[in-house]
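For reference, the structure discussed in these notes is given below.
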Amino acid sequence: AEALLADTGALIIAGAPGVGKTTLAQVLLWRHAEQGWRIFVVDDVEEALKVANEGQKRLIFFDDFLGQVQLSADLVRGLDARLPPLLARVAANKDLRFILTTRDYILAQAKALSGRIERPVGVRNYVLNVGRYTREVKARILYNHIFFSGLTPEQREAIIFDDFFLKIIDHGNFNPRLIEVLTRADYLSMTERPTRDAIMYALDN
């Protein structure tokens, strides 16, 4: 991430929900702050353009720049007009750096909907995909949440017995934030469904 940022001036950290995109970005912010860079956290590209001034080392951070859940047509139109000039400004000024994060599937949607986001800016040149979870990593995440949870022995047994846990880690909607909720005793106590049914209902929906 540091090498790409130093080379291009801009970095788009993409990956699955909960994989650590924002955490990686925050580490980069701290490292730059230690080196005397001024840090600006923005909520839109228009705000980023306003603080992207020359004459001072500035690092701009925009978390979930394509939205947190889904992509909107209005957002794409706004990025079409504003993101290319901002990336061009950053590329031309060694004292400006720009870090953005986004979910990988939303970035794919944006590229499909907007030719300007992909070309001529060449967004792909700035993207660092922090990867997807392997099956083993998913299993370790689930295990850790179960281990440190307040689940009853019966609830734990329901998850483990007959390899039911494999249905959880292989589910298409698996993500750590959801697993954290589903392995909480207070959540499971709020539903009238049996443990397995409650977990699968939440994952399916």
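In the chain, excluding the sites themselves, the longest stretch lacking any of the GluC sites (Glu not before Pro) that are in a DSSP loop with at most 12 other Cβ atoms within 10 Å is 55-191.
Multiply the residue separation of residue 93 and residue 186 by 0.36 nm, subtract the distance between their alpha-carbon atoms, and state the gained length in nm to one decimal.
Values: separation 93, 0.36 × 93 = 33.48 nm, distance 5.17 nm.
That works out to 28.3 nm of additional length.
What whole number of Å gives the distance from the Cα centroid of the stretch 143-184 to the Cα centroid of the stretch 3-56? The stretch 3-56 and the stretch 143-184 have Cα centres spaced 35 Å from each other.
The accessible surface of the stretch 157-205, taken with every protein chain in place and a 1.4 Å probe, is 49 percent carbon and sulfur. For the chain, the solvent-accessible area works out to 55 Å² per residue, with a probe of 1.4 Å and every protein chain left in place. For the pair residue 23 and residue 112 in one chain, pulling the backbone fully straight at 0.36 nm per residue adds 29.3 nm over the alpha carbon distance.
When the dipole is taken about the Cα centre of the chain, and only Lys, Arg (+1) and Asp, Glu (-1) are charged at their Cβ, what size is it in debye, to the nearest 20? All intermediate terms of the calculation are to be shown ahead of the outcome.
Details: 26 positive and 26 negative charges, 149 e Å.
Charge dipole, the chain, about its Cα centre: 720 debye, nearest 20.
Rounded to two decimals, the Cα radius of gyration of the chain over 2.2 N^0.38 Å is 1.23.
Using Stokes-Einstein with the Kirkwood hydrodynamic radius over Cα pairs, what translational diffusion coefficient do you get for the stretch 1-62 at 10 °C and a viscosity of 1.306 mPa s, in µm²/s rounded to a whole number? The Stokes-Einstein estimate is 127 µm²/s. A simple rule links phi to the HN-Hα coupling: the Karplus curve 6.51 cos²θ - 1.76 cosθ + 1.60 with θ = phi - 60°, which for the stretch 26-35 gives 5, 4, 5, 4, 4, 5, 5, 4, 5, 8 Hz, with x for Gly and Pro.
Could you give the angle, 0 to 90 degrees to the nearest 10, between helix 135-147's Cα long axis and the longest principal axis of the Cα atoms of the chain? For helix 135-147, the angle is close to 60 degrees. Measuring nothing but how far apart in sequence close Cα pairs (under 8 Å, 6+ apart) lie, relative to its length, the chain scores a relative contact order of 25 percent.
Starting from the Cα-Cα distance between residue 57 and residue 3, subtract it from 0.36 nm times their residue separation and give me the gain in nm to one decimal. Let's see the in-between values first.
Working: separation 54, 0.36 × 54 = 19.44 nm, distance 1.72 nm.
Between residue 57 and residue 3, full extension yields 17.7 nm more.
The values are calculated or read from the model by the stated rules, or taken from the named source; none is laboratory data. Since this is a predicted model, take the numbers as computed values, not measurements. All Cβ positions, glycine included, derive from the backbone under ideal geometry; neighbour counts span all protein chains shown. Keep in mind that these areas ignore ligands, DNA and RNA; they rest on the heavy atoms of the full protein, side chains included. Shrake-Rupley method; radii C 1.70, N 1.55, O 1.52, S 1.80 Å.
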